[in-house]
1. Do we find that residue 259 is of a type in the set (Gly, Ala, Ser), surrounded by fewer than 24 Cβ atoms within 10 Å (Cβ to Cβ) and closer than 20 Å to residue 23 by Cα in this structure?
2. Restricting segment 81-113 to residues that are of a type in the set (A, V, I, L, M) and open to solvent by 40 Å² or more (accessible area, probe 1.4 Å), which is nearest to residue 185 (Cα to Cα)?
3. Kindly evaluate residue 116 against the criterion of being out of contact with any Gly (no Cβ under 8 Å at 6 or more places or on another chain) and either open to solvent by less than 20 Å² (accessible area, probe 1.4 Å) or at pLDDT 95 or above (or both).
4. Give the residue that is surrounded by the fewest Cβ atoms within 10 Å (Cβ to Cβ), with candidates limited to residues of segment 24-51 that are over 30 Å from residue 72 (Cα atoms) and among the β-branched types (Val, Ile, Thr).
5. Looking only at segment 152-167, count how many residues are of a type in the set (Ser, Thr, Tyr) and open to solvent by 20 Å² or more (accessible area, probe 1.4 Å).
6. Quick one: how many residues across segment 132-151 are touching a helix residue (DSSP H, G or I) at 6+ places or on another chain (Cβ under 6 Å), touching a residue at least 24 places away in the same chain (Cβ under 8 Å) and open to solvent by 20 Å² or more (accessible area, probe 1.4 Å)?
7. Checking residue 273 against (1) touching a residue at least 12 places away in the same chain (Cβ under 8 Å); (2) of a type outside the set (Val, Ile, Thr); (3) in a helix (DSSP H, G or I); (4) open to solvent by less than 60 Å² (accessible area, probe 1.4 Å), only one condition comes out false. Which one?
8. What's the number of the condition residue 187 fails, among (1) in a helix (DSSP H, G or I); (2) farther than 14 Å from residue 52 by Cα; (3) open to solvent by 20 Å² or more (accessible area, probe 1.4 Å); (4) not hydroxyl-bearing (Ser, Thr, Tyr)?
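The values are calculated or read from the model by the stated rules, or taken from the named source; none is laboratory data. Since this is a predicted model, take the numbers as computed values, not measurements. Ideal geometry is used to build each Cβ from the backbone, glycine not excepted, and the neighbour counts take in all protein chains shown. Side chains are part of the model used for accessible areas, which takes the heavy atoms of the whole protein and leaves out ligands, DNA and RNA. Shrake-Rupley method; radii C 1.70, N 1.55, O 1.52, S 1.80 Å.
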Amino acid sequence: MTNPVLVEVTRGPLVESRHRGMVIAVDGDGRTVFSLGDVDAAIFPRSACKAMQALPLVETGAADAYGLDQRMLALACSSHNGEPEHAALAADMLALAGRDVSTLECGAHWSFSQPVLIDQVRAMDKPNALHNNCSGKHSGFICAACHAGVDPQGYIGYDHFIQREIRDAMESLTGAALGHDNCGIDGCAIPTYAVPLKGLAHGFAKMATGTGLAPERARAARRLIDACMAEPFYVAGTKRACTRLMQIAPGRIFAKTGAEGVFCAAIPEQGIAIALKCEDGTTRAAEAMIAATLARFFRDEPEIEAALLAEATTSMHNWNGMHVGDVRVTEAFGRA
C-alpha cells in the first residue's frame with residue numbers, strides 16, 4: 001500500500017516537501033487504537049528500541065549489583081548528545097564494573113548537536129567512545145556481561161551472550177522471529193533487526209503496562225521506562241526532541257527516537273504505546289509525527305495537548321531570522 005503524506009514542509013504559500021509515513025498506537029493487549037499507513041511493514045527500529053536492549057542490564061541483576069541510579073539507567077536507554085554530563089556518567093558506569101573507555105566497541109564520533117560539537121572542538125583534539133551517542137547503552141552491555149561473569153570483549157557480535165539476551169528479549173516483546181535473515185548492523189556496530197511496526201509498538205505497550213510479561217521482566221521494563229521519564233536529559237540532551245517531549249508531561253510520557261525517521265513512545269498511565277516511521281527517514285518529520293500522535297491522547301488536558309501540538313508544527317527561519325515556512329503535520333491526523 002502507499003503510505004499517506006503525514007508531514008508537509010512549506011515555503012511561502014506553497015508546499016515544498018512532503019513526507020509519507022506510518023504510525024500505530026496500541027494497548028497492552030495489542031489492540032490498535034490509532035493507525036495510519038502500512039503498520040505491518042517491517043522496519044529497523046534502530047535506536048528507538050534501546051530500552052528493550054537495556055533489559056539484560058536489569059534482568060541479570062547488574063543494575064542492582066553495581067548500584068546504578070536512574071540517571072545511569074536512562075543513559076543505558078539513550079542516544080545522547082555527548083555533552084560532558086553524558087560522557088562522564090558513561091565513564092562512571094564502566095568504572096563500577098571495573099572497566100574504562102578502552103572496553104567500549106561503539107566507535108567514536110563528534111556530537112550531532114552543533115552547539116555541543118563546537119564546545120567539543122574547543123576542548124579536545126578528537127572525541128573518544130564515551131562521546132558516542134550510544135556509549136550509555138554500550139556501558140550497560142558491559143556492566144551486564146561483567147556481572148554475569150562473561151568476558152565483554154566482542155560484545156557487539158551476533159553470538160555474544162549480551163546480543164543473544166537482547167535478541168531473546170526483543171523476540172518476546174515484539175512477537176517477531178529475529179535472526180540473520182532480518183538482521184543488519186547498526187551505526188554503533190551491534191546487530192539491529194527489522195520487525196513489523198505494529199509489533200514494535202506492542203512491545204513498548206507490554207513494557208509500559210507489564211501485560212503478557214513475566215513478573216521479573218515486567219518490573220525490569222517498567223523500571224527502565226520510569227528512569228527515562230524521570231531523567232529525560234540523560235535520554236537525549238539539551239534541545240533534543242525526546243527530552244522536550246518527556247518534559248512536557250513529566251513522569252507521564254516516554255519517548256525515544258531512532259535513526260532513519262523512527263520514533264517510539266508510551267503513555268504508561270493510559271496503557272498506550274506508539275511506533276512510527278517516516279518513510280524517507282527524515283528526522284524532522286518523525287518528530288512532528290510523534291508529537292501529533294501523543295497529542296491525540298491528551299485532549300482532556302488542553303495545556304499538554306497544546307504543548308505537544310506546538311512540537312508538531314514548527315517554524316523555519318533563514319539566517320536573517322526571517323520566517324520562511326513551517327514543518328507541519330497533515331489533516332491525516334485529524335481530530336476524531
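1. Yes.
2. Filtering segment 81-113 for residues that are of a type in the set (A, V, I, L, M) and open to solvent by 40 Å² or more (accessible area, probe 1.4 Å), the one nearest to residue 185 (Cα to Cα) comes out as 108.
3. For residue 116, the condition - out of contact with any Gly (no Cβ under 8 Å at 6 or more places or on another chain) and either open to solvent by less than 20 Å² (accessible area, probe 1.4 Å) or at pLDDT 95 or above (or both) - is not met.
4. Only one residue fits best here, namely 32.
5. Total satisfying the criteria: 1.
6. Within segment 132-151, the subset touching a helix residue (DSSP H, G or I) at 6+ places or on another chain (Cβ under 6 Å) is 135-137, 139-145, 147, 150.
Now drop any that are not touching a residue at least 24 places away in the same chain (Cβ under 8 Å), which leaves 135-137, 139-144, 147.
Next cut, open to solvent by 20 Å² or more (accessible area, probe 1.4 Å) only: 147.
Number satisfying all stated conditions: 1.
7. Evaluating residue 273 over (1) touching a residue at least 12 places away in the same chain (Cβ under 8 Å); (2) of a type outside the set (Val, Ile, Thr); (3) in a helix (DSSP H, G or I); (4) open to solvent by less than 60 Å² (accessible area, probe 1.4 Å) leaves (3) as the failure.
8. It fails just one condition, (1).
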